[in-house]
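The values are calculated or read from the model by the stated rules, or taken from the named source; none is laboratory data. Quantities reported herein were computed from a predicted structural model and do not represent experimental measurements. Note: ideal-geometry Cβ built from the backbone for every residue, glycine included; neighbour counts use all protein chains shown.
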Amino acid sequence: MHRLIAADWLKTRRYWLSWTLLGLMIVILVLQINGKIDRLAELEAALASGAEIEGSPLEPQAPTAEAGLVEAEWLRENLRYPAVIGYAARLATNSGWFFLILLTAVMGGEDYTRGTLRSLLTRGIGRGRYLMARCLTFWLVAGVGVLAVTLLAVAGGPYVHSQATDDPISLKGLGEALLVPVRLWLACLPYITAILFLVVLARQAGPALGVGIGLRAMEILSGLVLPIMEILISSGADVPLIFRLETHLFSVTIGYSADIFLNWGRAFTEAALTASKIGLDSNMPASPWRAAAFLAGYTILFLGAAMWVLRRRDVTYKG
Amino acid sequence: MSASTAVIRTYDLTKRFKKITAVDGVNFTVHQGEVFGFLGPNGAGKTTTIAMLLGLVRPTAGSAEVLGHDIRRNLSSALRRVGAIVETPAFYPYLSGSDNLCIFAHILGDEVEARIPALLEQVGLKGRGKDKVGTYSLGMRQRLGLASALLGDPELLILDEPTNGLDPAGMQEMRVFLCRLAEEEGRTVFLSSHLLHEVEQVCDRVLILNKGQVIAQGQVGELLSQAHGVEMRIEGAAQAAGILTGLDWVQNARHEGNRLHVQAPPERAPELLAALAIHDLFPSEVRPVVSTLESVFLDLTHDAEETPDA
């Protein structure tokens with residue numbers, strides 16, 4: 001197995017897409033953190049001068065000073081060192097999940113599209129071992145991405161801290177902050193196995209990429225339904241069945257489970273907080289153990305399904 | 001191995017894709033150290049048979065043994081002693097030739113990697129090993145494919161159209177190379193090719209497949225001698241055919257108008273003429289017919305076309 005992983009690793013290292021996506025993810029992350037620093041400065045300035053606070057485009061009216069204060073405190077807590085390490089890891093998922101899906105689909109599908117699957121399988125590698133090696137290699141690649149984000153946050157964290165607060169840096173909470181990248185790495189597995197399953201099913205990268213990106217986009221859109229509901233439905237009012245079903249569906253997605261898992265030990269994720277405001281707490285369970293079980297379940301389910309499909313199918317011509 | 005020299009043995013090997021029978025009860029044996037030609041027109045089932053032998057495609061019925069291992073049960077250990085090119089060799093274009101071989105070497109074992117420079121030299125890619133495969137011509141990819149097949153020092157080479165894309169000099173080199181692999185290094189070569197002239201020069205035995213069925217197999221010399229003959233233009237061709245068929249060393253004599261084709265060794269043409277002269281039959285024209293594998297192949301596949309149930 002280690003030989004197969006070494007071979008896969010050699011390929012991934014030499015493929016331009018891996019490095020391009022890693023670079024893009026880092027750039028996006030830096031821009032996101034910079035945006036958060038700017039937002040904090042904007043809030044502080046507005047609160048100090050008593051000016052109106054600018055809200056998100058979805059909000060019908062500007063946030064109150066109290067809401068601005070809460071948001072500023074929340075940002076300060078996350079940008080403080082070492083909490084910023086965990087925050088950076090969570091922020092990296094915004095682009096990271098898409099890039100992981102893209103890389104897994106393209107590199108996972110290339111053995112089908114280029115015809116190299118034949119050459120590999122005729123070396124006496126079992127199909128199960130081939131798939132496990134691919135899965136572990138992508139997980140290793142994801143680990144490199146997580147490590148890069150963590151190192152960046154560790155190195156750049158003190159600067160971000162100095163922009164967010166005048167308090168001296170303390171290492172309190174370092175252990176918890178460092179656990180977030182580890183959780184992030186674990187949360188990559190269900191995405192990797194899901195995309196590998198789609199690749200094996202479609203026998204090419206294109207459809208797997210399309211479906212993978214589509215599903216991730218649906219996760220995001222499902223998440224966006226909550227703030228819309230928050231605006232439309234006052235607390236305690238009856239929530240239409242369709243929205244209840246939609247939130248149920250959202251709560252079993254990989255994205256929601258990963259979000260809860262990454263926020264282990266924190267009171268609420270953004271989605272769960274919004275759900276509680278409109279009385280849908282029961283639809284959006286925020287238990288990290290449940291989330292971990294879902295992520296493990298998806299990993300096993302998709303890996304098993306991919307293995308089953310690969311084992312029973314003929315490998316003919318390019319596929 | 002069950003029979004000491006059997007490297008590949010198939011037993012009624014069959015593959016059906018829904019309603020299409022691609023390979024239909026194929027039986028053959030490939031012996032150790034021989035170069036075995038696997039021939040057939042497009043769509044005859046050659047690649048499907050090879051894919052079954054390499055575990056890429058599962059047989060619908062029948063079975064086969066490769067290096068003594070049943071392909072349905074324990075093929076992985078056999079495949080470690082097999083080198084193969086199936087259709088066009090496939091590589092990662094963003095890696096160099098050398099790195100592509102490294103990928104396969106990693107899989108086969110650490111010691112294999114040391115063989116890469118020598119193999120690149122052997123297949124004539126010494127100076128291009130560091131170049132990306134994306135810049136290679138088809139012929140160069142074929143050479144790299146052969147190097148990749150030889151990486152694990154295999155006992156059996158299964159090559160599907162290895163001369164595709166090679167120029168005449170490259171084909172000549174490949175021919176010599178394959179002969180050397182069999183004769184000097186004792187490897188068994190299972191060669192599927194459309195280039196019958198190549199096969200005739202390289203192979204010890206051949207099998208001809210058409211519409212998934214074996215229509216001929218045997219020593220190349222045997223197949224050719226069966227097709228050698230004498231052609232005559234003669235009045236009374238029907239009577240002449242009857243007379244010559246009566247000779248025990250004449251395999252067949254058939255006529256069409258005043259043309260007579262006698263299946264017999266061309267060097268015995270004088271004896272044929274003497275036999276006819278006894279009956280006052282004198283051909284106006286006599287010429288020996290020396291067959292090539294190509295003409296045998298075309299005759300056999302054409303005959304099979306004419307008798308669809310064959």
Inset, instruction - For segment A:106-134, name all the residues that are in contact with a Leu (Cβ under 8 Å, 6 or more places away or on another chain) and basic (K, R). - result: A:R118, A:R123, A:R127, A:R129, A:R134
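Residues in segment B:26-39: is at least one within 14 Å of chain A (Cβ to nearest Cβ) and of a type outside the set (D, E)? I'd like the intermediate steps shown before the answer.
Our first condition is that a residue be within 14 Å of chain A (Cβ to nearest Cβ); within segment B:26-39, this holds for none.
No, that holds for no residue.
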Inset, instruction - Filter segment A:165-188 for residues that are buried (at least 23 other Cβ atoms within 10 Å of the Cβ) and among the hydrophobic types (A, V, I, L, M, F, W, C) and give the result. - result: A:A177, A:V180, A:L184, A:A187, A:C188
Inset, instruction - Only residues that are buried (at least 18 other Cβ atoms within 10 Å of the Cβ) and within 11 Å of another protein chain (Cβ to nearest Cβ): list them for segment B:102-124, please. - result: B:C102, B:I103, B:F104, B:A105, B:H106, B:I107, B:L108, B:V112
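Here is a list: A:R80, A:R127. Which entry is at pLDDT 85 or above and within 13 Å of chain B (Cβ to nearest Cβ)? If you could, list the steps in order and put the result at the bottom.
Numbers: A:R80 fails: within 13 Å of chain B (Cβ to nearest Cβ).
Residue meeting the stated conditions: A:R127.
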Legend entry - Filter pass, B:E200 being buried (at least 18 other Cβ atoms within 10 Å of the Cβ), part of a helix (DSSP H, G or I) and touching a strand residue (DSSP E or B) at 6+ places or on another chain (Cβ under 9 Å): yes
Legend entry - Residue in segment A:10-21 that is in a helix (DSSP H, G or I), without any contact (Cβ under 8 Å) to a residue 12 or more places away in the chain and of a type in the set (S, T, Y) present: yes
Inset, instruction - Test A:P168 against the criterion of being away from every other protein chain (no Cβ under 14 Å), outside any loop (DSSP other than H, G, I, E, B) and farther than 26 Å from A:L103 by Cα, and give yes or no. - result: no
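If you check A:G143, A:G86, A:G96, A:G68, which single one turns out to be among the small types (G, A, S) and more than 18 Å from A:L184 (Cβ to Cβ)?
None of the others qualify; the one that does is A:G68.
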Legend entry - Sole exception among (1) closer than 30 Å to A:G265 by Cα; (2) modelled with pLDDT of 85 or more; (3) aromatic (F, W, Y) for A:Y112, by number: (1)
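Determine if segment B:61-68 includes at least one residue that is facing chain A (nearest Cβ under 8 Å), farther than 21 Å from A:M107 by Cα and not hydroxyl-bearing (S, T, Y).
Taking segment B:61-68 first, the residues facing chain A (nearest Cβ under 8 Å) are none.
Checked against the condition, which is being facing chain A (nearest Cβ under 8 Å), farther than 21 Å from A:M107 by Cα and not hydroxyl-bearing (S, T, Y), segment B:61-68 yields no hits at all.
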Legend entry - Of the criteria (1) in contact (Cβ under 8 Å) with a residue 24 or more places away in the chain; (2) surrounded by fewer than 15 Cβ atoms within 10 Å (Cβ to Cβ), which one B:W249 fails: (1)
Inset, instruction - Residues being within 30 Å of B:V23 (Cα to Cα) and either surrounded by fewer than 15 Cβ atoms within 10 Å (Cβ to Cβ) or aliphatic (A, V, I, L, M) (or both): count how many of those fall in segment B:226-246. - result: 1
Legend entry - Residues within segment B:273-310 that are assigned to a helix (DSSP H, G or I) and modelled with pLDDT of 85 or more, tallied: 6
Legend entry - Where B:G40 falls short, out of the listed (1) within 17 Å of B:P154 (Cβ to Cβ); (2) touching a helix residue (DSSP H, G or I) at 6+ places or on another chain (Cβ under 9 Å): (1)
Legend entry - Selection count, segment B:132-178, where residues are more than 14 Å from chain A (Cβ to nearest Cβ), over 25 Å from B:V30 (Cα atoms), touching a Ser or Thr at 6+ places or on another chain (Cβ under 8 Å) and assigned to a helix (DSSP H, G or I): 1
Legend entry - Test result for A:R134, without any contact (Cβ under 8 Å) to a residue 12 or more places away in the chain, among the charged types (D, E, K, R), surrounded by 20 or more Cβ atoms within 10 Å (Cβ to Cβ) and within 14 Å of chain B (Cβ to nearest Cβ): no
Inset, instruction - Please enumerate the residues belonging to segment A:67-125 that are more than 24 Å from A:V27 (Cβ to Cβ) and among the hydroxyl-bearing types (S, T, Y). - result: A:Y112, A:T113, A:T116, A:S119, A:T122
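Take B:D99 and tell me if it is of a type in the set (D, E) and part of a strand (DSSP E or B). Write out each step before concluding.
Values: of a type in the set (D, E): yes; part of a strand (DSSP E or B): no.
No.
Would you confirm whether or not segment A:108-115 contains a residue that is among the charged types (D, E, K, R), buried (at least 20 other Cβ atoms within 10 Å of the Cβ) and either touching a His at 6+ places or on another chain (Cβ under 8 Å) or part of a loop (DSSP other than H, G, I, E, B) (or both)?
Taking segment A:108-115 and keeping what is among the charged types (D, E, K, R), we get A:110-111, A:114.
Filter once more, keeping what is buried (at least 20 other Cβ atoms within 10 Å of the Cβ): A:110-111.
Now restrict to residues that are either touching a His at 6+ places or on another chain (Cβ under 8 Å) or part of a loop (DSSP other than H, G, I, E, B) (or both): none.
No, segment A:108-115 contains no residue that is among the charged types (D, E, K, R), buried (at least 20 other Cβ atoms within 10 Å of the Cβ) and either touching a His at 6+ places or on another chain (Cβ under 8 Å) or part of a loop (DSSP other than H, G, I, E, B) (or both).
So is B:A78 within 23 Å of the chain's Cα centre (by Cα) and crowded, with 21+ Cβ neighbours inside 10 Å or not? Before you say what the answer is, go through the steps one by one.
On the way: within 23 Å of the chain's Cα centre (by Cα): yes; crowded, with 21+ Cβ neighbours inside 10 Å: yes.
Here the answer is yes, as B:A78 does meet what is asked.
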Inset, instruction - With the condition kept exactly as written, say whether any residue in segment B:85-105 is out of contact with any helix residue (DSSP H, G or I) (no Cβ under 9 Å at 6 or more places or on another chain) and modelled with pLDDT under 85. - result: no
Inset, instruction - Could you identify the single residue in A:G86, A:G96 that is touching a Gly at 6+ places or on another chain (Cβ under 7 Å), away from chain B (no Cβ under 14 Å) and in a helix (DSSP H, G or I)? - result: A:G96
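Here's the yes/no breakdown for (1) over 26 Å from the mean Cα position of the chain (by Cα); (2) more than 14 Å from chain B (Cβ to nearest Cβ); (3) at pLDDT 85 or above:
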residue	(1), (2), (3)
A:V27	no, yes, yes
A:A41	yes, yes, yes
A:P63	yes, yes, no
A:A67	yes, yes, no
A:R90	no, yes, yes
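Suppose we filter segment B:48-89 for residues that are part of a strand (DSSP E or B) and among the hydrophobic types (A, V, I, L, M, F, W, C); how many remain?
Quick first cut of segment B:48-89, residues part of a strand (DSSP E or B) only: B:61-66, B:69-70, B:82-85.
With among the hydrophobic types (A, V, I, L, M, F, W, C) added as a condition, the list becomes B:61, B:64, B:66, B:82, B:84-85.
Going through segment B:48-89 one residue at a time, the tally reaches 6.
With among the aliphatic types (A, V, I, L, M), more than 14 Å from every other protein chain (Cβ to nearest Cβ), in contact (Cβ under 8 Å) with a residue 12 or more places away in the chain and out of contact with any strand residue (DSSP E or B) (no Cβ under 9 Å at 6 or more places or on another chain) as the only criterion, which of A:L140, A:L151, A:L121, A:L117 stands out? Write out each step before concluding.
Working: A:L151 fails: in contact (Cβ under 8 Å) with a residue 12 or more places away in the chain; A:L121 fails: more than 14 Å from every other protein chain (Cβ to nearest Cβ); A:L117 fails: more than 14 Å from every other protein chain (Cβ to nearest Cβ).
From the options A:L140, A:L151, A:L121, A:L117, the qualifying one is A:L140.
So which residues in segment B:82-101 are at the interface with chain A (Cβ under 8 Å from one of its Cβ atoms) and of a type in the set (S, T, Y)?
If we filter segment B:82-101 for residues that are at the interface with chain A (Cβ under 8 Å from one of its Cβ atoms), which is where we start, we get B:82, B:84, B:86-95, B:99.
Within segment B:82-101, B:T88, B:Y92, B:Y94 qualify.
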